[in-house]
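Asker: Attaching a single structure in structure tokens format; questions to follow.
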Amino acid sequence: MSSQRRLSAILAADVVGYSRHMQRDAQATVRALNERRAIFAERAAARGGRIVNAPGDSILAEFPSVIDAVESAVEIQKEIAARNAAVADADQRMQFRIGINLGDVIVEDGALYGDGVNIAARLESLADYGGIALSANAYDQVRDKTPYRIVDRGTEQVKNIARPVRVYAVDMSAIGVKRRRRAWPRRAALWSALVAVIAVAAFVLFPRMERQAPQHAASIAVLPFANHSADPKREFFSDGLTEDIINALGRFSAIRVIAYNTVQAYKMRVAAPEQIMRELGVRYLVLGSVREAGGTLRINVELSDAAKGTLLWSERYDGPGREVFTMQDRIVGDIVGTLAVKLNAIEQQRAAMKPPESLEASELVLRARELMRVVERAANREARALIAQAIKLSPNYAEAHAASAFAEFQRAVFGWVEDPAEALRRSEEAARRALTIDDPGANARARGILGNIHTVTGDYEAALADAERALQLNASDAVAHALRGGILLWTGKIEESIAASEAARRFDPRASPEGMFNLALAYYLAGRYRDAVQTAVAVEPQARTVFLHAVHAAALAQLGDAEGARRAADEVRRGSPFFEVNNFGQRLLNPAHREKTVEGLVKAGL
């Protein structure tokens, strides 16, 4: 068996809603699929390409150049759209999504392997229905070399690819191809984009918080518990335990606990306690490990005062696996007791975990959470199947219904479903089902999901009301602060928005680029241009979005730094060649705020 490496233009495609087509009429679906495969083969050959593989409803092709791949893809989508137009029943029309990447591949007996292929496949899942998505490498090869309008869709973190992938899309409507548009996160439609991304983070990270934690609150970081079990695949269990302890501690108003998102950075990184203390702005650290063997569970936990360099408390908890919730309650109680935190009556009621009827249901939900962090259609599908099993085992498990609410919400905002409105309806239904069950943690998450749904639909008043209810249940949720900051920003309450977004950053120093954008834009609208600049550049260069660059450019222009504003504006154009100034602040309800954004962007030369 011979193998070689080479740089290739890879095209990956699949059918939208293939399972639905097969359930409706298997024979007609197979017939239509074979006809479409013939189109792919014919158009690829005409451009010097070849079909490498076509398993199931997928197609993989290789081309001598990216231009050939893009031209072929456009011709394919045009022909398929023409055939679909002749089909009277819209549900019977077969659409494809296409992803194109230029990358290093391994060729083995005609087959292709490697990241070059994997990225193309991931791009396919991010494409519009009937659309074409390109990687940054592919875009660089066709930029200014084709007549097609290509739109910057921002960056995406995809499964099994270490670095975020920047995504571009061919504007099919500009070349006469009608297609159903997916809901893109972090894309040209600025505000819907932010809603999608922040909403996804809002549940994936899972804590919730009150509007303001007391200034004297004990600051604490729970570092990821180490998985000492023989099976490395049980990592989801130790991660879930870490997350649940963070959530439980967050219910106490006298404790400020750092977000799960931030502490995950220390999972693969060794750092001294005093360094973590400085980086996270905390005084206390919790470290732990989990070992499962023969149906028994051992959890080791220690609490230290990083400021003094002293160990305050350590304990080992042993018992059968079914007692994990009891152990979690004891751990949280021991931490709170050691810190001498005073609890009010409501907080005492909220402290205990709410176990399901079945331990297996709990593990299914933990696995589903892990999958949903991947933010990928296939992972979402698998997560939904696990959640359905959990609900079947424990119909009254609030966490399962809250997880179901997010899974459906995730499908809607990322365009992984034919009918996003129906997915949002199912999401709301599951969230309201969770609210009927007494479980403060799940209830907070359900309220957060409802708030996100209302934000997506533009009902900011309802969104804020649900956010406020969620915030009352947990005192340390950075994402809830960020979400609230976004709603207040759009509705024109700038100072309140700044306070909420600043709180989000205190709880999550590794705040998302979207959250940092909210804060930077709020600073800009408040006339705090230097703060806006500092916030924009606080995000690592590779993670800065087009919109952060835009705020950066506008703020520098208002400060009179023409050269700096020009460089920032160049970054905007580089990331989004068709950036439109008048669309930038379209979701700001206050006309004066929209005018101010336009003023700064025009000054910057955009």
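The values are calculated or read from the model by the stated rules, or taken from the named source; none is laboratory data. The model shown is predicted, which means the values in this text are computed figures rather than measured ones. All Cβ positions, glycine included, derive from the backbone under ideal geometry; neighbour counts span all protein chains shown. Just so you know, the surface numbers come from the protein's heavy atoms only, side chains and all, with ligands and any DNA or RNA stripped out. Shrake-Rupley method; radii C 1.70, N 1.55, O 1.52, S 1.80 Å.
Asker: FRET efficiency for residue 360 and residue 296, Cβ-Cβ distance as r, R0 = 22 Å, nearest 0.05? Could you put the intermediate results ahead of the total?
Answerer: Numbers: r = 17 Å, r/R0 = 0.75.
The computed FRET efficiency comes out at 0.85.
Asker: Okay, moving on. Per-residue accessible area for residue 437 at 1.4 Å probe radius, Å² rounded to 10?
Answerer: Counting only protein heavy atoms, residue 437 exposes about 30 Å² to solvent.
Asker: Turning to a different aspect of this structure: Quick one: if you stick a label point 7 Å off each Cα along the C-beta vector at residue 46 and residue 226, how many nm between them?
Answerer: It works out to 6.1 nm between the two label points.
Asker: Gain in length, residue 236 to residue 171, computed as 0.36 nm per residue apart minus the alpha-carbon separation, to one decimal in nm? Write out the running numbers ahead of the final one.
Answerer: Details: separation 65, 0.36 × 65 = 23.40 nm, distance 3.95 nm.
Working it through step by step, the gained length comes to 19.5 nm.
Asker: Suppose every K and R has +1 on its Cβ and every D and E has -1 on its Cβ; what is the size of the dipole of the stretch 1-154 about the Cα centre, in Debye to the nearest 20?
Answerer: On the way: 19 positive and 21 negative charges, 42 e Å.
Roughly 200 debye, rounded to the nearest 20.
Asker: Taking 7 Å along the Cα-to-C-beta vector as the label spot, tell me the residue 599-residue 85 distance in nanometres, rounded to one decimal.
Answerer: The modelled label-to-label distance comes out at 4.7 nm.
Asker: Something else about it: If I compute solvent accessible area with a 1.4 Å probe over the protein chains, what percent of it on the chain is carbon and sulfur?
Answerer: 48
Asker: Could you report the stretch 3-127's accessible area per residue, 1.4 Å probe, as an integer in Å²?
Answerer: Dividing the accessible area of the stretch 3-127 by its residue count gives 43 Å².
Asker: What's the angle, to the nearest 10 degrees (0 to 90), between helix 26-46's Cα axis and the longest principal axis of the chain?
Answerer: 70
Asker: Quick check: Cα centre of the stretch 521-546 to Cα centre of the stretch 575-592, how many Å?
Answerer: 16
Asker: Label residue 425 and residue 75 with points 7 Å out from Cα along Cα→Cβ: what is the distance between them in nm?
Answerer: 4.3
Asker: Right, next: Expressed in nm to one decimal, what extension gain is obtained for the pair residue 582 and residue 312 from 0.36 nm per residue of sequence separation less their Cα-Cα distance? All intermediate terms of the calculation are to be shown ahead of the outcome.
Answerer: Values: separation 270, 0.36 × 270 = 97.20 nm, distance 5.65 nm.
Gain in length upon complete extension: 91.6 nm.
Asker: Counting only the backbone N, which residues of the stretch 405-437 are under 13 Å from the spot 7 Å out from the Cα of residue 388 toward its beta-carbon?
Answerer: 408
Asker: How many angstrom separate the Cα center of the stretch 236-276 from the Cα center of the stretch 367-406?
Answerer: Measuring centre to centre over Cα atoms gives 22 Å.
Asker: What's the FRET efficiency of residue 432 with residue 562 using the Cβ-Cβ distance as r and R₀ = 56 Å, to the nearest 0.05?
Answerer: 0.60
Asker: Quick one: accessible surface of residue 291, probe radius 1.4 Å, all protein chains present, in square angstrom to the nearest 10.
Answerer: Around 120 Å² of this residue is reachable by solvent.
Asker: By how many degrees, 0 to 90 and rounded to 10, does the Cα axis of helix 591-603 deviate from the longest principal axis of the chain?
Answerer: That works out to roughly 60 degrees.
Asker: Considering only protein heavy atoms, what is the solvent-accessible area of residue 65 at a probe of 1.4 Å, reported in Å² to the nearest 10?
Answerer: 40
Asker: Taking the Cα centre of the chain as origin, work out the dipole magnitude from +1 charges on Lys and Arg Cβ and -1 charges on Asp and Glu Cβ, in debye rounded to 20.
Answerer: 680
Asker: In the chain, what percentage of the DSSP-assigned beta bridges are antiparallel, given to the nearest 5?
Answerer: Around 85 percent of the beta bridges assigned by DSSP in the chain are antiparallel ones.
Asker: Moving to a separate point now. Amide H to amide H under 5 Å from residue 226: which residues, 5+ apart in sequence or cross-chain, H placed 1.01 Å off N in plane?
Answerer: It is 288, 289, 290, by chain and number.
Asker: State the answer as a single residue: which of 254, 225, 236 lies farthest towards the positive end of the charge dipole of the stretch 219-267, with beta carbon charges of +1 for Lys and Arg and -1 for Asp and Glu, about the Cα centre.
Answerer: In the stretch 219-267, that residue is 254.
Asker: Sticking with this one: Order these peptides, 303-310, 373-380, 71-78, by their mean beta-carbon neighbour count within 10 angstrom, highest first.
Answerer: Sorting 303-310, 373-380, 71-78 by mean packing, highest first, produces 71-78, 373-380, 303-310.
Asker: On full extension of the chain, what length is gained from residue 92 through residue 590, given 0.36 nm per residue of separation minus the C-alpha to C-alpha distance? Could you put the intermediate results ahead of the total?
Answerer: Details: separation 498, 0.36 × 498 = 179.28 nm, distance 4.41 nm.
Computed gain between residue 92 and residue 590 is 174.9 nm.
Asker: Report, in degrees rounded to the nearest 10, the 0 to 90 angle that the Cα long axis of helix 546-558 makes with the longest principal axis of the chain.
Answerer: The answer is roughly 80 degrees.
Asker: With θ set to phi - 60°, apply the Karplus curve 6.51 cos²θ - 1.76 cosθ + 1.60 along the stretch 59-64 and write out the HN-Hα couplings as whole Hz, x wherever there is a Gly or Pro.
Answerer: Karplus-based 3J(HN,Hα) across the stretch 59-64 equals 9, 10, 9, 10, 10, x Hz.
Asker: Just how large is the dipole of the stretch 227-290 about the Cα centre, in debye to the nearest 20, putting +1 at every Lys and Arg Cβ and -1 at every Asp and Glu Cβ?
Answerer: Dipole size: approximately 160 debye.
Asker: Further question on the same structure: With θ set to phi - 60°, apply the Karplus curve 6.51 cos²θ - 1.76 cosθ + 1.60 along the stretch 568-581 and write out the HN-Hα couplings as whole Hz, x wherever there is a Gly or Pro.
Answerer: Whole-Hz 3J(HN,Hα) from phi for the stretch 568-581: 5, 5, 4, 5, 4, 5, 5, x, 9, x, 10, 4, 10, 4.
Asker: Which of the peptides 25-33, 362-370 is most tightly packed, and how do the rest follow, judged by the mean count of other Cβ atoms within 10 Å per residue? Working shown, then result.
Answerer: On the way: 25-33: 14.0, 362-370: 23.2.
Highest mean packing first, the order is 362-370, 25-33.
Asker: Which log10 I(q)/I(0) values does the stretch 498-601 give at q = 0.14, 0.17 Å⁻¹ under the Debye formula, counting every alpha carbon as one identical point scatterer?
Answerer: Summing over Cα pairs of the stretch 498-601 leads to -0.48, -0.72.
Asker: I would also like to ask the following. For the chain, what is the number of Lys pairs with C-alpha distance below 28 angstrom, counting only pairs 8 or more positions apart or on separate chains?
Answerer: 15
Asker: Search the structure for amide H atoms under 5 Å from the amide H of residue 219, placed 1.01 Å from N in the peptide plane, and list their residues when 5 or more places away or on another chain.
Answerer: 256, 283, 284
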